[in-house]
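The next block holds one structure in the form of structure tokens; read it before the comments.
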Amino acid sequence: MSTIAEVIDYKGAEAIELRAGDYHALIAPFIGSNIMKLENTAMDVDFFRNDPALTPEVLKSQAEIWGMPTLYLPNRLSHGNLKTSDAIYHFPCNDPLGNHLHGFLHLRTHNIDSVTTDGDNAVAKTFYVYDENDEFFETYPVKFRADFTFTLTPGGMNYEFTLTNLSDKQMPYGVCNHIAIKGPFTSDGAGANVRLRVPVGDKWELDEHCIPTLKHLPFTAYDQMYKEGDMVPVLQDIDNDMYTAEMGELDGKPFYGVVVTDKVSGKRICYEVSDVMKFWIMWNYNGDKGFFCPEPMSWLIDAPNLDADPAVTGYVELVPGESKTLKERIFCM
């Protein structure tokens, strides 16, 4: 198949179409550089929850539960507070539990930098500059730039995300991919046959506001199902199972990520993440909507506000001018 990289019209908004080998992807700059669709046509694998009937406006109103959105900042900030080493910021509480949830980067319309082909690869680059022109800047006056690179190859999608601190302040570095994987992910599959394997370590206790207590819960047979690849990630309610990430394996080789398997066909979705991602949180919106989110996070929920060692919580700051990049890979077998 030919390699294609082009800007297309998606119901009045610009989107990016990439094709390489048997893979096809749609990138949506209008909802935060979301990988709106990724599929392998030869294997009949449709990776992410998507609906081509939805308008950009509808997608933006539900941006966390379609495709693969990138969140800055991850998950919840208790009571909307964000404490850094040099400031305290107060975000609006947009969570029924009384917290700020998910940040704002995935809700912005990003810019297209370049869309090109490179041999068998299709490459798209997007970016967003957060400054005083953003409506949220009065709340959080820390200038930064977000850069995305999507490289679709005959072997799958390679994703890079870079944050650069453009301010004279300390910038908290917290990242999450709220990836919404379809279950089932093949046209003839069944949710009951989908299995999720996540190399989980310590399980974190969350309070009634979904904020960590900094205590670990006993590791049970339920938790072991993630580790052994026996978890059915749909058709049951999975509500914020939070773990420390560990190294796993794929076909006998080290693999830092999750593997989703259709146990009937043997087809697998493999999602390899950067070692920047220190935690996993699992959620599936009550389990009855045909998708689930094994979300890698660089820090523990509410890390900026927790009274604990940053080495434990994953809390990191970028000094003025500093950049940090994470790299991920998504493919099927």
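From the phi of every residue in the range 218-231, what ³J(HN,Hα) in whole Hz does the Karplus formula 6.51 cos²θ - 1.76 cosθ + 1.60 yield, where θ is phi - 60° and glycine or proline is x?
x, 7, 10, 4, 4, 5, 5, 4, 4, 5, 8, x, 9, 6
Given that compact globular proteins tend to follow 2.2 N^0.38 Å, what is the ratio of the alpha-carbon Rg of the range 1-76 to that value? Mind dumping the intermediate values first?
On the way: Rg = 12.8 Å, N = 76, 2.2 N^0.38 = 11.4 Å.
It is 1.12.
For Asn240, which sequence-distant residues (separation of 5 or more, or a different chain) have an amide H within less than 5 Å of its own amide H, given hydrogens modelled in the peptide plane?
Here the answer is Met282, Trp283, Asn284, since their amide H atoms fall under 5 Å of that of Asn240.
Apply the Karplus parameterisation 6.51 cos²θ - 1.76 cosθ + 1.60, with θ equal to phi minus 60°, to every residue of the range 317-333 and state each ³J(HN,Hα) to the nearest whole Hz, in sequence, with x for glycine and proline.
10, 9, 6, x, x, 7, 10, 9, 10, 10, 10, 9, 9, 10, 7, 10, 9
In whole angstrom, note down how far apart the Cα centers of the range 261-287 and the range 214-253 are.
So the separation of the two Cα centres works out to 10 Å.
Mind listing the long-range amide H neighbours of Arg108? Cut-off is under 5 Å, sequence gap 5 or more, other chains count too, H placed in the peptide plane at 1.01 Å from N.
The list, which skips near neighbours in sequence, is Gly32.
Taking Lys227 as the anchor, which lysines have their alpha carbon closer than 25 Å to its alpha carbon, excluding any fewer than eight residues away along the same chain?
Lys182, Lys203, Lys215, Lys253, Lys263, Lys267, Lys278, Lys289, Lys327
Over the range 23-137, how many percent of alpha carbon pairs lie in each 10 Å bin up to the one with the longest distance?
Per 10 Å bin, starting at 0, the Cα pair percentages come out as 12, 35, 33, 15, 5, 0.
Please report the projected area of the chain's Cα convex hull averaged over all directions, in nm². Mind dumping the intermediate values first?
On the way: hull surface 65.2 nm².
Directional mean of the projected Cα hull area for the chain stands at 16.3 nm².
From Cα pairs below 8 angstrom and at least 6 apart in sequence, can you work out the relative contact order of the range 104-206, rounded to a whole percent? Don't skip to the answer; put the middle values down first.
Values: 126 pairs, mean separation 16.4, N = 103.
It comes to 16 percent, rounded to a whole number.
Can you show me the helix-derived [θ] at 222 nm for the chain, built from DSSP H runs with n ≥ 4 at -39,500 (n - 2.57) apiece and divided by the number of residues, rounded to the nearest 500.
Theoretical 222 nm ellipticity from helices: -1000 deg cm²/dmol.
Enumerate the calculated ³J(HN,Hα) couplings along the range 106-122 in order (Karplus 6.51 cos²θ - 1.76 cosθ + 1.60, θ = phi - 60°), each rounded to whole Hz, writing x wherever the residue is Gly or Pro.
The phi angles translate into 6, 9, 8, 7, 8, 9, 8, 8, 7, 9, 9, 10, 9, x, 8, 9, 10 Hz.
Amide H to amide H under 5 Å from Lys278: which residues, 5+ apart in sequence or cross-chain, H placed 1.01 Å off N in plane?
Amide H neighbours of Lys278, under 5 Å, 5+ apart: Met297, Ser298, Trp299.
Given DSSP loops and a limit of at most 10 other Cβ atoms within 10 Å, what is the longest stretch of the chain that contains no such GluC sites (Glu not before Pro)?
Values: sites that count: Glu132, Glu135, Glu138, Glu208.
For GluC sites (Glu not before Pro) (loop position, at most 10 other Cβ atoms within 10 Å), the longest site-free span of the chain is 1-131.
Working out 0.36 nm times the residue gap between Thr162 and Met247, then minus their Cα-Cα distance, what length gain in nm do you get to one decimal? Write down the numbers at each step before the final one.
On the way: separation 85, 0.36 × 85 = 30.60 nm, distance 2.29 nm.
Contour length minus the Cα-Cα distance gives 28.3 nm.
Pick from Val312, Val198, Val260: which is most flexible by mean-square fluctuation in a GNM of the chain where alpha carbon atoms under 10 Å apart are linked?
Of Val312, Val198, Val260, the most mobile in the Gaussian network model is Val312.
Taking only Cα atoms and a 10 Å spring cutoff, compute GNM fluctuations for the chain and point out the largest among Gly32, Gly257, Gly12.
Highest fluctuation among the options: Gly12.
Computed from the coordinates by the stated procedures, all read-outs in this text should not be read as laboratory data. If you're wondering where the values come from, they're calculated on a predicted model, not measured in any experiment. All Cβ positions, even for glycine, are placed from backbone atoms using ideal geometry, and neighbour counts span all protein chains on display.
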